[in-house]
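As structure tokens, the structure follows; a few thoughts come after it.
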Amino acid sequence: GENVEQHPSTLSVQEGDSAVIKCTYSDSASNYFPWYKQELGKRPQLIIDIRSNVGEKKDQRIAVTLNKTAKHFSLHITETQPEDSAVYFCAASPGNQFYFGTGTSLTVIP
Amino acid sequence: DAGITQSPRHKVTETGTPVTLRCHQTENHRYMYWYRQDPGHGLRLIHYSYGVKDTDKGEVSDGYSVSRSKTEDFLLTLESATSSQTSVYFCAISESKGAETQYFGPGTRLLVL
């Protein structure tokens, strides 16, 4: 099955700086790559996604890039704010199932 | 949040007892999923359903069974709970397979003593 690896596991940045989280996947059949944000004690919530026919997608301060050849995709958060502090999960889907990374705990220091 | 509820939200049980968790949706989505979330492992798929009475195993299905008799309900059963099944369980739904957004329920925190 698919194997998704996510790095780093923890990340601390100063408010206003950028944060980058990277994921790799193994199954070339994966064609959908969502990113979820999970605040403490809450459910994961989708923040952005990208499909395999697109190389980059942006939504305000959040962007995702996809390199199908290298099988990796990244989440970029610019101008970070304290409310961006959370755990972020990447995922890959080759069909019926979703495979998740192990998460990145992002702390934005005011 | 999408119309997904889970019950119970918290449960404490003893090893060897059966436990059933319920996921209920009001979105009429075809696909429903059960995940467990553990520190260091992210979210791992237990079972999923692609229609009434149609289910399949995920990567960590041992010790779990599921049933879906109605579009809106997806039940997860631990036939004989073990301490290794202590976890937070999330239900999720999506309109179709693969490249479609999954929406998660609020989660059930299960402690097996």
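Summed over segment A:27-46, residues that are closer than 18 Å to residue A:75 by Cα and either surrounded by 23 or more Cβ atoms within 10 Å (Cβ to Cβ) or touching a residue at least 40 places away in the same chain (Cβ under 8 Å) (or both) total 11. Determine whether residue B:85 is within 20 Å of residue A:102 (Cα to Cα), of a type outside the set (Ser, Thr, Tyr) and within 14 Å of chain A (Cβ to nearest Cβ). Spelling it out, it is not the case that residue B:85 is within 20 Å of residue A:102 (Cα to Cα), of a type outside the set (Ser, Thr, Tyr) and within 14 Å of chain A (Cβ to nearest Cβ). Among the conditions (1) without any contact (Cβ under 8 Å) to a residue 40 or more places away in the chain; (2) on the phi < 0 side of the Ramachandran plot, residue A:23 misses just one, which is (1). All told, residue A:52 falls short of being in contact (Cβ under 8 Å) with a residue 60 or more places away in the chain, more than 12 Å from the chain's Cα centre (by Cα) and surrounded by 13 or more Cβ atoms within 10 Å (Cβ to Cβ).
Of the residues making up segment B:58-82, just one is surrounded by fewer than 21 Cβ atoms within 10 Å (Cβ to Cβ) and facing chain A (nearest Cβ under 10 Å), namely B:59. Kindly list the number of the only condition in (1) within 17 Å of residue A:107 (Cβ to Cβ); (2) buried (at least 17 other Cβ atoms within 10 Å of the Cβ); (3) in contact with a Pro (Cβ under 6 Å, 6 or more places away or on another chain) that fails for residue A:15. Failing condition for residue A:15: (2). Would you call residue A:92 under 13 Å from the mean Cα position of the chain (by Cα), farther than 14 Å from residue A:38 by Cβ and away from chain B (no Cβ under 14 Å)? Against the criterion (under 13 Å from the mean Cα position of the chain (by Cα), farther than 14 Å from residue A:38 by Cβ and away from chain B (no Cβ under 14 Å)), residue A:92 does not qualify. Hey, any hits in segment B:41-57 for a residue that's in a loop (DSSP other than H, G, I, E, B) and of a type in the set (Gly, Ala, Ser)? Checking segment B:41-57: not a single residue is in a loop (DSSP other than H, G, I, E, B) and of a type in the set (Gly, Ala, Ser). Residues that are of a type in the set (D, E, K, R) and assigned to a loop (DSSP other than H, G, I, E, B) were ranked within segment B:12-37; the one that is surrounded by the most Cβ atoms within 10 Å (Cβ to Cβ) is B:30. For beta carbons closer than 8 Å, sequence separation of 6+ or different chains, a first residue in segment A:58-81 that is in contact (Cβ under 8 Å) with a residue 40 or more places away in the chain and a second that is acidic (Asp, Glu) and not in a loop (DSSP other than H, G, I, E, B), the qualifying pairs are A:77/A:84. Residues in segment A:96-109: is at least one more than 14 Å from chain B (Cβ to nearest Cβ), modelled with pLDDT of 95 or more and under 29 Å from residue B:10 (Cα atoms)? The answer is yes, given that some residue of segment A:96-109 is more than 14 Å from chain B (Cβ to nearest Cβ), modelled with pLDDT of 95 or more and under 29 Å from residue B:10 (Cα atoms).
Of all residues in segment A:1-12, those that are crowded, with 20+ Cβ neighbours inside 10 Å and under 15 Å from residue A:67 (Cβ atoms) total 1. Within segment A:30-49, the set of residues being at pLDDT below 95 and more than 10 Å from chain B (Cβ to nearest Cβ) comprises just one member, A:40.
Residue count for segment B:62-105 under the criterion of being outside any strand (DSSP E or B) and within 11 Å of the chain's Cα centre (by Cα): the result is 1.
The values are calculated or read from the model by the stated rules, or taken from the named source; none is laboratory data. The shown structure was predicted, so the numbers you read here are calculated from the model rather than taken from an experiment. Backbone-built Cβ (ideal geometry, glycine too); neighbour counts: all protein chains shown.
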